[in-house]
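Below: one structure, written as structure tokens.
The values are calculated or read from the model by the stated rules, or taken from the named source; none is laboratory data. Computed from a predicted structure; not experimentally measured. In this analysis, Cβ positions are derived from the backbone assuming ideal geometry, glycine residues included, and neighbour counts consider all displayed protein chains. We work out accessible area using only protein heavy atoms, side chains counted, and drop any ligands, DNA or RNA first. Shrake-Rupley method; radii C 1.70, N 1.55, O 1.52, S 1.80 Å.
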2 protein chains.
Amino acid sequence: MVTKMVKAELMEDKVIVEEQKDASRIYNKGFFGIYDGKLELNLVEACYLLDKGKFEVEKNGKKLDLKKFMEHSLSYIPDFEIKYFVYRDLRERGYVIKEGNDFVLYERGKKPPAKPSFTVKAISERAKFKIKEMAEFIEKAKNKLIVGVADEEGDLTYYIAKFFKLKGGLKERKYEGKIILLNDRCIVWDENLMEKLKEDFIGRDFGKYIQISLTETCYLAEKGAKIIKNGRKIGMKRFIQHAKKIQPDIENRFKVYSELRKLKLLPKTGFKFGSHFRVYSSEPEKSHAPYLIHVVGSDYEATWAEISRAVRLAHSVKKEMIFCMVDDEIKYIRLKRITP
Amino acid sequence: MVTKMVKAELMEDKVIVEEQKDASRIYNKGFFGIYDGKLELNLVEACYLLDKGKFEVEKNGKKLDLKKFMEHSLSYIPDFEIKYFVYRDLRERGYVIKEGNDFVLYERGKKPPAKPSFTVKAISERAKFKIKEMAEFIEKAKNKLIVGVADEEGDLTYYIAKFFKLKGGLKERKYEGKIILLNDRCIVWDENLMEKLKEDFIGRDFGKYIQISLTETCYLAEKGAKIIKNGRKIGMKRFIQHAKKIQPDIENRFKVYSELRKLKLLPKTGFKFGSHFRVYSSEPEKSHAPYLIHVVGSDYEATWAEISRAVRLAHSVKKEMIFCMVDDEIKYIRLKRITP
């Protein structure tokens, strides 16, 4: 017995399957398109079904092969191939994925008309990563966002992007004593203060003295310590003016440091991991830092390659990568690489 | 018996030990300073000996403590503390390190007057990484350069920076057939060409077609394949014009790709590792890619945090991190993190 090939008709940015039996069979197999007697598919869905040999597509009575169909689709949707890669990949992995404004994805075992589990953004590695835009995407997706990034070879990397809550178990307290500002770093020789700092894992022990970062200095000054430059006390405002020359984003870093401390967390430099802070939620001597935090302004942009590198490195040292966007308020955006 | 404390005199940017016995003993213990009857030390060396309690330093008959001595030194050498961290750390690890214009370091078991083993640059994490400057440093150090980067807390990360030679065992050949340019990527449907590309691990298999990157397209075109856009052949020049809009650094990437192929290596996208290429030296199916290559112009600058992240990530996936500077010629600069 020869099975008759299902026919579909291309109409600009839609593909229609008229024959009711075919239409309902295709719809029911994977919830493709919109079914109401006939089946209406968008170009991405139709491309997938064509690619899989589920039907033949005709336009004005002429058959289109996959190549022609893709060329046609690209003239309607500029980033068609990126969308198609992500759609195809997730379908091949057995997910039901449908198009709203963006894709929506159903967790395994779920299907329409249930509420979808995630919004999925298909992005080219060549697109810029913009932190503010990412925050808006997450907001729109109600904190349920998956980003699929297609590289040059069409290979995909997926991230869950979400607003993240951090909380630790480390207390704050007041400080007394002097901090000496030496050029671009600060040193504590004051024995009482040194002892407290050691207890609290602030700064780094250098035998006869403790070295603290500019951000830590801001914090300690806020909590009561005095900053001394050339033998004279200087105020917070002047210190920040000075520190800004060395570290232009000191104000943002200090804001984040300060808030993290209020959340009972302890930030230390994350330089070795290419980030601003590694963050401890309990005593550093007894535990490892579960978070890497990169402090950025709301105008922060990066290439997706940089983001990919940051997240991958964080995961390779068993940490979570969090971008901390400082705007009117501080937003913690966690990017986690996943295999769907 | 009470041992008499050794006396040293601070004279601007030098510290002198006059007493011959003391001078020769200190010199012989670790080859500190310049000895010719008396001992002349620079500020970094003297700071270390003062910190270790090897002598007392006086200036005009007044004793200076470590804090005062450091303040004095900073007024002579702006990045004194960075230099001191590196010097101190390497001394503590048991190395003989001396100051020329930069530090020079003797491998364990070696000592002056032998030739030192490495030049050592002490750098603050706040300094910018400039690729051209790095190339000059390596040249000056005759390919024997160690860079010590001090982070905010004074913690050190060391890299060996060197010009690196790559070589592989993969052959080149000619190609025939068509490559279809679809918007920002290229696709091969031509069965003969597809077969060759599969044999040669070029592009990525997508079932009915193979997707190739813009850089691979340049290469294949150079080797005889035709690029087709909207049904018409376009020349290399026009293709590069088009590709530049999508990937502004395509020319540099192609130059490097091309040279790597001549060196019998195979570059593929390194996006997942945050770099331009992962590079195979033998068949990708039988081996892993030993190198990550990032292609940069001679004006490339980055923060040391970014560099730290790139190198650390490369090492975490057992690859070497190579920055490829495209100038009149291509220079391969390998940065390798070490524990001295």
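Please go through the stretch B:257-286 and give me each residue that is open to solvent by less than 40 Å² (accessible area, probe 1.4 Å) and under 12 Å from B:LEU170 (Cβ atoms), ordered by number. Walk me through it before giving the result.
As a first pass, look at the stretch B:257-286 and keep what is open to solvent by less than 40 Å² (accessible area, probe 1.4 Å): B:257-258, B:260-261, B:265-271, B:273-277, B:279-281, B:284.
Hits for the stretch B:257-286 are B:LEU260, B:ARG261, B:LEU265, B:LEU266, B:PRO267, B:LYS268, B:VAL279, B:TYR280, B:SER281, B:PRO284.
What is the one condition in (1) over 26 Å from A:PRO284 (Cβ atoms); (2) of a type outside the set (D, E, K, R); (3) open to solvent by 10 Å² or more (accessible area, probe 1.4 Å) that A:THR157 does not satisfy?
(3)
Select, from B:ARG232, B:ARG173, B:ARG185, the only residue that is free of Cβ contacts under 8 Å to residues at least 12 places away in the same chain, of a type in the set (Lys, Arg) and either surrounded by fewer than 20 Cβ atoms within 10 Å (Cβ to Cβ) or in contact with a helix residue (DSSP H, G or I) (Cβ under 8 Å, 6 or more places away or on another chain) (or both). First the steps, then the outcome.
On the way: B:ARG173 fails: free of Cβ contacts under 8 Å to residues at least 12 places away in the same chain; B:ARG185 fails: free of Cβ contacts under 8 Å to residues at least 12 places away in the same chain.
When all the criteria are applied, what remains is B:ARG232.
Run A:ARG261 past the list (1) of a type in the set (Lys, Arg); (2) assigned to a helix (DSSP H, G or I); (3) touching a residue at least 12 places away in the same chain (Cβ under 8 Å); (4) within 11 Å of another protein chain (Cβ to nearest Cβ) and report the number of the one that doesn't hold.
Checking A:ARG261 against (1) of a type in the set (Lys, Arg); (2) assigned to a helix (DSSP H, G or I); (3) touching a residue at least 12 places away in the same chain (Cβ under 8 Å); (4) within 11 Å of another protein chain (Cβ to nearest Cβ), the one that fails is (4).
Restricting to the stretch B:283-305, and then to whatever is assigned to a loop (DSSP other than H, G, I, E, B) and modelled with pLDDT of 95 or more, can you tell me which residue is nearest to B:HIS315 (Cα to Cα)?
Quick first cut of the stretch B:283-305, residues assigned to a loop (DSSP other than H, G, I, E, B) only: B:283-290, B:298-300.
Pick out the ones that are also modelled with pLDDT of 95 or more and you get B:289-290, B:298-300.
Numbers: B:ALA289: 12, B:PRO290: 10, B:SER298: 24, B:ASP299: 25, B:TYR300: 22 Å.
Looking at residues that are assigned to a loop (DSSP other than H, G, I, E, B) and modelled with pLDDT of 95 or more, I get B:PRO290.
Residue check, A:ILE179 against (1) under 23 Å from A:SER282 (Cα atoms); (2) part of a strand (DSSP E or B), all met but one. Which one?
The single condition A:ILE179 does not satisfy is (1).
I'd like to know if the stretch B:119-127 contains one or more residues that are exposed (fewer than 15 other Cβ atoms within 10 Å of the Cβ) and either at pLDDT below 95 or closer than 25 Å to A:LYS268 by Cβ (or both).
So far as the stretch B:119-127 goes, no, none of its residues is exposed (fewer than 15 other Cβ atoms within 10 Å of the Cβ) and either at pLDDT below 95 or closer than 25 Å to A:LYS268 by Cβ (or both).
If I filter the stretch B:134-153 down to residues being part of a strand (DSSP E or B) and either more than 12 Å from B:THR119 (Cβ to Cβ) or of a type in the set (Asp, Glu) (or both), which single residue comes out as farthest from the chain's Cα centre (by Cα)?
Taking the stretch B:134-153 and keeping what is part of a strand (DSSP E or B), we get B:145-150.
Now restrict to residues that are either more than 12 Å from B:THR119 (Cβ to Cβ) or of a type in the set (Asp, Glu) (or both): B:149-150.
Working: B:VAL149: 11, B:ALA150: 15 Å.
Out of the qualifying residues, it is B:ALA150.
Can you go through A:ILE240, A:ILE246 and tell me which one is in the same structural domain as A:ASP190 (by TED's automatic domain parsing), modelled with pLDDT of 95 or more and surrounded by fewer than 20 Cβ atoms within 10 Å (Cβ to Cβ)?
Numbers: A:ILE246 fails: modelled with pLDDT of 95 or more.
None of the others qualify; the one that does is A:ILE240.
Looking at B:LEU145, B:LEU193, B:LEU181, B:LEU170, which is the one that is under 26 Å from B:ASP102 (Cα atoms) and more than 10 Å from every other protein chain (Cβ to nearest Cβ)?
Numbers: B:LEU193 fails: under 26 Å from B:ASP102 (Cα atoms); B:LEU181 fails: under 26 Å from B:ASP102 (Cα atoms); B:LEU170 fails: under 26 Å from B:ASP102 (Cα atoms).
So the residue among B:LEU145, B:LEU193, B:LEU181, B:LEU170 that is under 26 Å from B:ASP102 (Cα atoms) and more than 10 Å from every other protein chain (Cβ to nearest Cβ) is B:LEU145.
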